[in-house]
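Have a look at the structure below, then the notes.
The values are calculated or read from the model by the stated rules, or taken from the named source; none is laboratory data. None of these values were measured; they are calculated from a predicted model. Neighbour counts run over all protein chains shown; Cβ positions are idealised from the backbone, glycine included. These area figures cover heavy atoms from the full protein model, side chains too; ligands, DNA and RNA do not enter into them. Shrake-Rupley method; radii C 1.70, N 1.55, O 1.52, S 1.80 Å.
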Amino acid sequence: MSQEPFLDPGGPIGGGYRGITVFSGTAHLDLADEICAELGIDRSPSKVRRFANTCIEVQLMANCRERDVFLVQTLTPNVQEHLVELLMMINAARGASAARICVVMPHFAYARSDKKETPRISLGGRLVADLLVAAGADRVLTMTLHAPQVHGFFGIPVDHLNALDELSAHFQLQDLSNTVVVSPDLGNAKSAAALARMLGLTIAAANKERISDREVRIASMVGDIRGRHVIVLDDEIARGTSLVELIEFMRTQDVQSVRVACTHGLFVDGAVQRIAAYPEVTEIVCTNTVPIPADTRIPQLKVLTVAPLLAEAVRRIHNGESVSALFEHHEQQAFTLFARADSSA
């Protein structure tokens, strides 16, 4: 944690903004407090009131006028409740004459609704992006979107971070002999290739076909995993349907062990227990972009904090510095290892 605040919250700084104010919704107060601790400031209080008809009213309990306001709210169950709460916070900050409003949304749940796979279905990712802009957001800071094209849904700047540094730092402390990084589908291969490059490992990727929300099929694997230790990297784990199917497939390849890693550990419907029940699974690693309930914290689960990363991004946004410098090195030659695995398959 920083020993001193990175700025004077009440004084002028470069770019014309009069200091910074951080509020949090009710979805993940612990993460918001960690971010503020890293910044060396206090989280500003807010109040959420629910009426008898279940409507929500939000009041920000600190001055916002001509200030850089950051609203921390991750979208976790109940997603709709937390989304409306966030929209109300944005509206309140805009009405309070905030100079700029940045939404810090570590997990954008509706990023999964990014395309129309069947006729006459809603495009939730685009709709929610429009709602955030209409409410008055000027910028969005998020992590590990389910699909990169979700960037294009927003008419405002989006800073998209990832947790590869945190995950690689964790695995670098372990024995990685005869280990391969596996992507559960071809769409996540770029991130898996980046992690593999950071760890000095090779990569493999599953060819996954999704039948429904609760059913997937692994048809084949690009790359060699037989008899090896495996690190599976995914963006999020909810029910764990894809991961369980992947583990079943990898068991037919006689893998020695499986370590599971993701950014967003939602772990609904007992997912973490189902995954950990496989004897090959030695570790499950996630970050704290979403709150992890106590009944999910089994011995195999390791939770890494992303508060320092988010705090540094907030500092850079506030001071007008580059945010892309935090992650742009992950993009360089990210597909090199995957291309090698494809050619050798």
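Note on segment 285-311: residues that are free of Cβ contacts under 8 Å to residues at least 40 places away in the same chain and open to solvent by less than 50 Å² (accessible area, probe 1.4 Å) amount to 5.
Rundown of residues vs (1) at pLDDT below 95; (2) touching a Leu at 6+ places or on another chain (Cβ under 8 Å); (3) of a type in the set (S, T, N, Q); (4) closer than 23 Å to MET105 by Cα, yes/no style:
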residue	(1), (2), (3), (4)
LEU173	no, no, no, no
GLY187	yes, no, no, yes
SER212	yes, no, yes, no
ARG228	no, no, no, no
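Listed by first and then second residue, the pairs linking a residue in segment 175-190 that is in contact (Cβ under 8 Å) with a residue 24 or more places away in the chain and buried (at least 16 other Cβ atoms within 10 Å of the Cβ) to a residue that is of a type in the set (Phe, Trp, Tyr) and in a helix (DSSP H, G or I), with Cβ atoms under 7 Å apart and 6 or more places separating them unless they lie on different chains, are ALA189/PHE338. Criterion applied to SER44, SER122 was being touching a strand residue (DSSP E or B) at 6+ places or on another chain (Cβ under 9 Å), assigned to a loop (DSSP other than H, G, I, E, B), without any contact (Cβ under 8 Å) to a residue 40 or more places away in the chain and among the hydroxyl-bearing types (Ser, Thr, Tyr), and the one residue passing it is SER44. Scanning segment 313-323 for residues that are in a helix (DSSP H, G or I) and touching a residue at least 40 places away in the same chain (Cβ under 8 Å) yields ALA313, VAL314, ARG315, ILE317, HIS318, ASN319. From MET61, MET89, which residue is at pLDDT 95 or above, aliphatic (A, V, I, L, M) and surrounded by fewer than 21 Cβ atoms within 10 Å (Cβ to Cβ)? When all the criteria are applied, what remains is MET61. On the stretch given as segment 219-245, residues that are open to solvent by less than 30 Å² (accessible area, probe 1.4 Å) and not in a strand (DSSP E or B) total 6.
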